[in-house]
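This report concerns only the one structure given below.
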Amino acid sequence: MAEHVILFAGPMGAGKTTAIRSLSEIDVVSTEAANSERHVVDKATTTVALDYGEITLGAEDKVRLYGVPGQKRFDFMWSILKKRARGMIMLINDDAPDAVQTMIDYLDDFSELYDQGGVVIGVSRTDLGVGPGLQAYTAALAEQRPQFIAPVFGVDPRDENHMRTVLMTLIANIEMRAMLAPAAEAAAP
Ligand SMILES: Nc1nc2c(ncn2[C@@H]2O[C@H](COP(=O)(O)OP(=O)(O)OP(=O)(O)O)[C@@H](O)[C@H]2O)c(=O)[nH]1
Ligand SMILES: [Mg+2]
């Protein structure tokens, strides 16, 4: 049985906790506290340490799902969980101010995850119709971080099927890179 450790990262209110709750087959371990930053994102609670859930894909793949806090003041957990993870789903809330630049900033903060396995980007809250839309994210990625080859999906973290598609894309990506890595090393001069 293969085991994967996947991190959900991205800014406050992007839907990391929501996505893990949609996907997990076990009761999610959450560390929610009252949100003192309601002027930034208007929701009652925010993650202060981590979320943890699990899902089995097919008969074989057990996936451990970790969510980190979006707020940078809790970033001590970022470094701890970054070391464990072998892939990342980065969620970005399309309705946040300066959402495209926020994606670039968070990608830079979590760039190790790209080297350690792979990254998929999910843009959430597009249904609210107030953000820049998907094309703006793919264009910014190609222009500003061409070294990051990561698919960009529009997602609704409340929807289990959306999140399963994103997760399976990430795992396929990680497995493909793991298979190609020995061949690339052997071919190196
Ligand atoms: N309309 C809409 N609401 C969404 C969508 N995705 C998430 N939400 C809502 O947005 C909120 C996201 O909150 P969380 O899941 O707590 O976000 P988080 O990323 O864990 O945030 P922090 O832990 O504070 O960093 C929830 O109220 C979700 O129901 C979406 O695509 N559309
Ligand atoms: Mg959360």
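The table that follows gives values for the structure above.
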{"read-out": "Residue count, region 19-40 (criterion: closer than 22 Å to Asp98 by Cα and of a type in the set (Val, Ile, Thr))", "value": "1"}
{"read-out": "Test result for Gly154, under 17 Å from Leu7 (Cβ atoms), of a type in the set (Gly, Ala, Ser), out of contact with any Gly (no Cβ under 6 Å at 6 or more places or on another chain) and modelled with pLDDT of 95 or more", "value": "no"}
{"read-out": "Listing of strands (runs of 3 or more DSSP E) fully contained in region 83-177 that carry 1 or more residues being surrounded by 15 or more Cβ atoms within 10 Å (Cβ to Cβ) and without any contact (Cβ under 8 Å) to a residue 60 or more places away in the chain", "value": "119-124, 152-154"}
{"read-out": "Complete set of residues in region 37-56 that are outside any strand (DSSP E or B) and surrounded by fewer than 16 Cβ atoms within 10 Å (Cβ to Cβ)", "value": "Glu37, Arg38, His39, Asp42, Lys43, Ala44"}
{"read-out": "Residue check, Ser30 surrounded by fewer than 14 Cβ atoms within 10 Å (Cβ to Cβ) and either within 13 Å of ligand 2 (Cβ to nearest atom) or not in a strand (DSSP E or B) (or both)", "value": "no"}
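The values are calculated or read from the model by the stated rules, or taken from the named source; none is laboratory data. Just so it is clear, the structure is predicted and the values come from calculations on it, not from any experiment. Neighbour counts run over all protein chains shown; Cβ positions are idealised from the backbone, glycine included.
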